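Any read-out appearing in this document is the output of simple, stated calculations on the displayed coordinates, not a laboratory observation. Here the structure is a predicted model, which is why all the values come from computation and not from measurement. Counting neighbours? That spans all protein chains shown, and the Cβs are built from the backbone with ideal geometry, glycine included.
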Amino acid sequence: MKVFGLVAVFVVGLLLLSATQDFPSWGNPRSAASDGEVSSFYIEKTEAVTKVPNMVTAVLADFRGYDTMFETVVIFIAGIGIIAVLRNFEGSDSSIDYDNDDNGAGLLARFTCSLILPFIQIFALYVVAHGHHSPGGGFQGGVMLGASYILLALAFGLSKAKRIFSERRTMIFAVVGIFIYVGWGVLCLLLGGEFLNYSVLDSILPGDAMMARSYSMLVVEIGVAFTVTAIMFSMYSNLSTRGRLSKGL
Amino acid sequence: MDPIIANFIEENIVPKFNYWIYVILMMIGLYAMITKNNLIKKLIGMAIFQTAIILFYVSIGVKEDGGIPIISHHGPDHHQETEAHSEAGSENLKHNIIDKDKYANPLPHVLMLTAIVVGVSTLGLALAISQRIHKSFGTLEEDEILNKLRPGGHD
Amino acid sequence: MIEFSIIPLFTWLVSLLAVPAILLFRKRPDAREGITFLAAFLKLGMIFMMLPLIREGKILHFQFGEILPGIPIEFRVDGLGMLFALVASSLWILTTLYAVGYMRGLKEHDQTRFFACFAISLSATIGVAFAGNLLTLYIFYEILSLSTYPLVTHHGDKAARTGGRTYLSHLLGTSIAFVLPAMIYCYWKSGADINFTDGAFLDGKIGSSDGLIVLLAFTLGFAKSGLMPFHSWLPNAMVAPTPVSALLHAVAVVKVGVFCVLRVFTGVFGTDFLQKLDVGTVITYIAAFTIIVSSLIALTQDNLKRRLAFSTIGQLAYIVLGVSFLSSNGVTGSMMHIAMHAFGKITLFFCAGAIFVASGKKYISQMVGLGRQMPITMIAFLIGSLSIIGLPPFGGAWSKWYLFLGALDADQTAMAIVLVISSLLNIAYLLPIPVNALFRSPPQKGKKGSDAGIKEAPLACLIPLCITALAGLLFFLFPGLGFELAELITK
Amino acid sequence: MIWQFDIIILIFLVVAAIVSLRLKDLLGASMVFGIYSFLICLLWAEMGAVDVAFTEAAVGAGVSTVIMIATIFSTTRRSKD
Amino acid sequence: MTEHFPILILLVPLFGALIVVLLGRERPEQCWVTSLVSLGISSIISLFTIIVVFSDKVQTIRYRMGGWEPEANGYEVGIELRVDILAALVVFAVTFVGFVNTIYSKTRAEAEVQGKVPFFYALIQLLIVGLCGIVMTNDAFNLYVLIEITSLTSYALIAMGNRRAVLSSFNYVIMGTIGASFYLLGVGYLYIKTGTLNIDDIRMVLGNDNLWEHQSIVVAFIFIMLGVWTKMAFFPLHGWLPNAYAYAPSMTGTFMAPLMTKVMVYVMIRVMLWLFGYEFVYSGQHVWKELIIWMSVLAIVAGSLLALARTDIKKMLTYLIVAEVGYMVGGAWLGNVTGQAGAFYHILSDAAMTFCLFIAASIIVLRVGDSRVNAFDNLFRKMPLTMIGFTVGALSMIGLPPTCGFFSKWYLISGGIEAGQWEYVCALIFSSLVNAIIFFRIFERAYFGKIAGVKEDLSPSDSDANPDTGIKEVPWSMLVPLFIASGFVLLLGIMNRTLFEWIQTALEVMNT
C-alpha cells in the first residue's frame, strides 16, 4: 500500500508539475486568468454596477450568488449531516441535566472570556455588515459569531451555551439563514427578474437598481451569517459530546 | 552547476515557486490520505490536500504589483477619481481610472471562499463519521478495524 | 405482391390471449383445456384463411410500432412462414390432445402452468414464422427460449433443473453471444434495414470474410437448430414430459432453429449472393459432420427419448445441409423436410410417451416384444421411422430425394454419399425398435407377468399418434402443397 | 507581495505539513495543523487574498482545529503513525 | 414562466428540505408528505421542461442567474444554467426516481433511521437538488460545488446505516474528496489558461486560442476525468461503492444506486463534448481513446466477474453497477454518435433497471431477513408480485427484449461495431452472458427452491396457497415503487426509438 501510494502520488505530482511549465509565471498580470475578459470585467465594472468596492463580496454575493447559495447549503448539509450521523437521541434529549454538568474552564479563563466575548460578537457583526467595504462578509462574520459561542461553551460549559443557543434554536437559525437567502432570490423571481436578479428589487428598495444590488448583498450576507453561526456551533456541540449534547469538553 | 539545470531552475522553478510548493503540499496530503493508517491522520492529510489546491487557485490570482481586490478611494488614483466624480458620475471615465493591474484577480478568491467552506464541511462530517467508527469499533486505526471485521463478515 | 392484412397479427395473438384465460380457469381443468383447444382451432382456421392468398403468390404483411429506427414489429407471411405455421399449428392441436391424455394419465402437477407456457411457446413460434424482420425474429426466438424453460424443467427435480440449465444456457447464451452481435452488425452494414420484405437485405453489402463470420454466427447462434457443437441442450432437455419433448423436437423449438437458419440463408443473404461469396461449404461440412456423428451417437443410446433426440439432431442437420447447397432443389428439400420430419418425429415421440404412460418403460432394451400389448403404437412407430428414414411410400422420401438432388446440383458428390450413409445409419438406429417390438417375443419369460397388465395408452394419446402416422403416408401421396409453398421461396 | 516572505512561508508550510503528519500524538498533530493553517493564511494575506485569508484564519486555524481537537478528546489521542 | 423552470426544479426540493428540518421534530409524519409533495412538484416541472425543451422553439433553455448578461466580448460573468434535451431527461430521471423512492421510504424510513427521519428526508431532497444542479449547470466551478453537495449528502446518508456502512462512508469521504479535488484542480488548470469558467466559453477559448496542444490543458483533462471517474466508480477506482450502497439504509441505497454514478456519467459526457469538444477528446494524437476503451473493457469484465462471485444480493447488484459504468464509459469513448447516444440512453435505462432491482432486493432482504442468494428460495410462490418486478429488472440487466436493457445494449454494440472496437463488443456480450448466469441462478432458486429439493417439496396441485412460513408481500408503499420502476424499464424499452432520436440529435450538434 505504501509503495503503491508513493507511486500514485509521484505520478500525480509529476503530471501536475509537467503542466506548470507552460503556465504564465507567478504574478504575471498578463496571464490569461488575470487578464481575461471576465476578471477584467469584475475589476473594472464591479463598483459601477453594484456600488460595492469590495470586488470579492460583489462577485461572491451577486455575480456568483448562485454558487454562494449552494455554499451556504453545503454548510447546512454538514450541520444536519453531523446530526444525522452522530446525534444520539436516546439520552435525555430535551431535559439537559443542568446541575450535574461540566462547569467549563477555570475562573481566570471564564473571566477573560466574559470580558472579550461581547467584543468578539460586536466585531463579528461588524464583519458581516461591513463586508462591502472591507474584507469579510457573512461567512467570516458567521464563523466568528459561531466561534464566540464555542468559546462560551468552552469557558462556561456547554449547558450554559445551550441555554442561549439550544438545539432547536440552532436549527431554526440555520434554516432561517438559508430561507433569507433563497427567499430573497425568489422575491426577485416574483418581481419578474431571474432568480437572484437583485436589480429588479429597486421597486421595493430605496435607490436605483445598483443600490438595490448593494442592499441585497447585505441581506444575503446576513442570511449566510445566520446559517454559518448556527451550524458552526452545532458542529462543535455535536462533535465535542459524541452527539449526546450533554457534556462538553 | 550544470548550466542546463541552472537554466531549468531559472525558468521553471524560480518564477513558479508557488506552483512547485503547492504540488509538494498536495503530494504530501494525498500520500497521507492514501497510506496513513489513522483516520484522523487521513483527515489532516485531506485538509492539507485541500488547502494546497486553494493555494494553487490563489496563486493564479496574484499580480506582481496588484493589491487587495477592494477598490480604494484613497489610493494613488484618488485625484483622478474625484475629478471623475465631479463630471456627474460619467460611467466611462469612471471605468477608465480603475487600473486592473493594481488589483488582484478577485475571481479565484471568491471560488476559494467556497472551497474553504466545502473543506470545513467535509472535515466536520468526516470527523462525525470517525467518531461513529470509534464508537462501533473502539479504534481509529484502519488495520485494527479491518481485523475486527474479518471473522464475522463475509466480505 | 405485398398485401396488408391483419390476420397474421390475430394468428399470433390468439394463443397469447388464451394465456390469461387459461390462468383464469386454473381451477377447472375442462374449461382450461377447452380454451386451449379453442385457441388451437382458431389459429389453424386463420392460417387456412391465409393459405389461398399465399398460394396465389401474395405476401401478407402487418406492422406496428417502430422499436428501433426503421424497424417495426413486423409480421409478414410468405411461403416459408406459411409452411412452418401450418405444420406448427396443426400439430399444436394434436399435441394438446395428446398432452391432455398424457398429463391426466400421469396426474402431473402444475398443469395450468404447463398449458399456459405451452400457449406462449406456440404464440412465439408463430411470431418467428411470420417475423418480417430480423429483430422481430430475434425477439420471438428469445421469448420461445424463456417460455419453454418452465416446460423443460416441469418436474422440478434435480435432473430437470440440470437439464433446464443446459437448455437455457445453450439457447440464451448462443443467441446473445452470436446472433445479437451479428444482427447488430447487419443492421449497421445494411444501413438500418433488416427487413425481409425486399429480398435479402445483405445482398451485395458485405465482403466475403465478414460474410462468412456473420453467416457462421447466425447458423451457430440459432442453436435451436442443434448443429454441433451447440447441440447438447437437446438430449439434456429430454427430462421434460413427453408432450414437451414432442413440442420441442417436432414442432416448436428445433424447427424454429432451422427455420431461422433457412431465413438467414434466404432472407438475409440470399442464396445467389451466398453463392457469389462462396461461403456455403463451411456450413455444409458442419452439417454433414453433425449428421454422421449424431447418428453414430444415436446408435449407442438405450434411452428411447435420448436416441430420438440424437436422431433429431441429425435430421435437423439435413435441413441445414439442404439449404447450404444454395440450390433451389436443396432449399425445397429443406422446406419439405421441416414438415416431413415434424410429422415423423412427433409420431415417434407420441409413441414413446404412449409407451411410458402405458408401461412406464423408457429404455429400448425393455421394449422387445411390446408390440403384442401395444400393436397400434408400435405400428405407428414403424411408420414414423420409415418416414424419417425416407423410404417410400412415406413423406420423408420426397424431402430426402430433393436433398439428394440438391447435393448433386451443387456438385457435392461427397455430400450425396453422406446422405446415403446417414440414411443407412437411420435405418440402423430406428428400425430395430419397432421390429423387435413387433416381431420378437419378450426375452425373459419369467418377467412376463410384469408386462401382462400393459394395455394401449389412453385414447387421447392414441388418436394423435395415429393421425400423425397417417399424415406421413398422406404426404407421400399429396405433396403438392409443400412444393407449391417451397416454389414461392426458391423462384 | 514580497517574494522573500513568500518563499520563507512556503518552506515553513511544507515543514509544518510534514511535522503534523509525522507526530504520533494526535493532539500535537492538530495543533501543528493549526499552525499550518495560520501560516497559509498569512501567505494568502500577503498575496492579496485578504478575504480568503480572513476565512482561513477563522475556519482553518479556528473552527477546524477546534472540532478536530473535540473529536480527539472524545475518541483517542494516540496514533500508530 | 417556462423560462424559470430550471431554477424551480431546484428550489422546490430545497424549500422542502428546509421545511422538513424546521417542522420535522414536532411532526415527523409530515416529513414524508412534505418531501413527497415537493419532489412530486419538482418532477412535474421537469416533465414540463422536457416538453418545453422539445417544442420546436426552444431547444436549449439558458438561464442566467442574477440576470447577468454576458460582458462586451461575449463572456459570461455570472452563472448560467443550460438545459437541453439531454439535461432535461436526466433531471426528470433524478426527480422522478426521488419521488418514487420517497413513496418507498414511507415505512422504511421510520424503521431504519429512528428519530432522524426529518434529517433523512432533508438530506435526500438536498441530494436531489445537488444532482439536478449538476446536470443543469453550465459553470465548471459551480459543478464542483454541486458535486460536493451531492457528496456530502451521500456521506451522511450512507453513514446513517450500520457500522459497515459508516466505515465505507469514511472510505467514500476519502475517495470522494480526492475525486472532487482532482476535478477542482482540472478546472483550475483550465482557468489559468482560459480565464473563464463558463463551460461554453472555455471551449470557445480553447478553440480560438488553439490551446489543445498545451500540456496544461491535457493535464486538466486527465484530472477532470480522474475526478469524475472516482465519483462514478470506474473500475480501478470503484472500491468505495459496493459496501457503501449495500450497507446504507435501504431507501438510501435504492436512491443512490440508480442515480449517483449515472449522473456522473452524464457529467463525463458533458465534460468531454461540451467542455473540451470533439476534436480534443477523440483526435488521433492522443493515445487515450484506445486506452480508456480497454479500461472500460476491464471494468465490464471485472465488474461482471466480481458480481458473479458474490452471494450477497445487494453486493452483487453493486458490482453490476461497476460493470454498467464500464458500459457507459466505453460507449462514450467510442468516438461516434451512436456510442455516445447509447451511453446516454443507458444512463436512463440503467437508472430504471437498477432502481427496480434495488427496490426488489431491498424488499426481499427485508421480508426474508437474509441477504444471501438463498433468500430467493421459492420466492415465486411466496412473493409473486415482488418477483415479477425483480424479473423485469433482471431481464433488462441481461438484455432481453423488449426491456430497455436490450436496446441500450443494442446501441452500445452498434457504436462499438461502427468504431471497430471489437474488444468492447465482446466485453458487452460477455457481461450479458455473465448477467444471464447470475440472474438465472437466482430464478432457478426462486422457482424451484433449495438445490436439494425434490419434486415432493413443491406444492402438489395448482393451488396458489403459500406452502410455508409467514413470508408475505410487502405493503403497497413498497410495491407501487417497484411496479413504477419496472413499468419504466418496459416503457423506456418501448419508447427507445423516440428517445434515441432526441438524444442523437442533441449529441450530433455537440460533435460538429
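Quick notes on this structure:
- Stokes-Einstein translational diffusion, segment D:3-74 - Kirkwood Rh over all Cα pairs, 1.306 mPa s, 10 °C, in µm²/s: 128
- Count Lys and Arg as plus one, Asp and Glu as minus one, and take only other residues whose Cβ is under 15 Å from that of residue C:144; the net charge is then +2.
- Shielding of peptide D:3-16 by partners, expressed as the average count of other chain Cβ atoms within 10 Å per residue Cβ, is 3.
- Over 18 Å (Cα to Cα) - which of E:262/E:409; C:43/C:345; C:224/C:362; A:2/B:41 fall in this group: C:43/C:345; C:224/C:362
- Pair-distance profile P(r), taking every C-alpha pair of segment E:140-286, with 10 angstrom steps and integer %: 12, 41, 27, 15, 5, 0
- Sorted peptide list for C:168-179, E:398-409, E:342-353, criterion being average Cβ within 10 angstrom, highest first: E:342-353, E:398-409, C:168-179
- Sequence-distant lysines (8 or more away, or on other chains) whose Cα lies within less than 18 Å of residue B:148: B:135, D:80
- Tail weight of P(r) past 24 Å, computed on alpha-carbon pairs of segment A:131-230, percent: 34
- Average partner coverage of E:141-150, which counts Cβ from other chains inside 10 Å: 6
- Helix-only CD estimate at 222 nm, as mean residue ellipticity for chain C, using -39500 (n - 2.57) per DSSP H run (n ≥ 4): -23000 deg cm²/dmol
- Within 10 Å of each Cβ in E:73-82, the average number of Cβ atoms from other chains: 5
- For segment C:1-150: rounded, prolate or oblate by the Cα gyration tensor [a/c cutoff 1.5]: prolate
- Measuring r between the beta carbons of residue E:370 and residue C:23 and using R0 = 30 Å, the FRET efficiency lands at 0.50.
- The calculated 222 nm mean residue ellipticity attributable to helices in chain A amounts to -22500 deg cm²/dmol, summing -39500 (n - 2.57) over DSSP H runs of n ≥ 4 and dividing by all residues.
- Karplus-derived HN-Hα couplings along segment E:68-84 (A = 6.51, B = -1.76, C = 1.60, θ = phi - 60°), whole Hz, x at Gly and Pro: 7, 6, x, 6, 3, 8, x, 8, 6, 9, x, 9, 10, 9, 9, 10, 9
- Cα-projected label distance for residue A:4 with residue E:501, points at 7 Å along beta-carbon direction, nm: 4.9
- Within the shell of other residues whose beta carbon sits under 13 angstrom from the beta carbon of residue A:220, the net charge comes to -2, with Lys and Arg scored +1 and Asp and Glu -1.
- Equivalent ellipsoid of the protein assembly as shown: semi-axes from √(5λ) of the C-alpha gyration tensor, largest first, are 72, 34, 27 Å.
- With a simple spin-label model that places each label point 7 Å from the Cα along the Cα-to-Cβ direction, the separation between residue E:107 and residue C:473 comes to 6.6 nm.
- Cross-link reach list, lysines versus residue C:276, counting only Cα pairs under 24 Å and skipping chain neighbours closer than eight places: C:189, C:205, C:491
- With coordinates expressed along the principal axes, the C-alpha atoms belonging to segment C:261-381 extend over 57, 24, 18 Å, beginning with the largest.
- Once the Cβ-Cβ distance of residue C:56 and residue C:463 is raised to the sixth power relative to R0 = 30 Å, the FRET efficiency obtained is 0.30.
- Other residues within the sphere of radius under 10 Å centred on the Cβ of residue C:175, judged by their own Cβ, net out at 0 (K and R +1, D and E -1).
- Size of charge dipole - segment E:287-512 - debye, nearest 20, with Cβ of Lys, Arg +1 and Asp, Glu -1, no other charges: 340
- Listed by chain and number, the lysines whose C-alpha is less than 17 Å from the C-alpha of residue A:45, apart from same-chain residues fewer than 8 away, are B:94, B:100, B:102.
- Taking a point 7 Å from the Cα of residue A:11 along the Cα-to-Cβ direction, the residues of segment E:141-178 with backbone N closer than 20 Å to it are E:174-178.
- Placing dummy labels 7 Å off each Cα toward the beta-carbon, the span from residue C:420 to residue E:288 is 6.9 nm.
- Cα gyration tensor shape of segment C:21-95, rounded if a/c is under 1.5, else prolate or oblate by comparing a/b with b/c: oblate
- Cα gyration tensor, segment C:1-262 - rounded (a/c under 1.5), prolate or oblate: oblate
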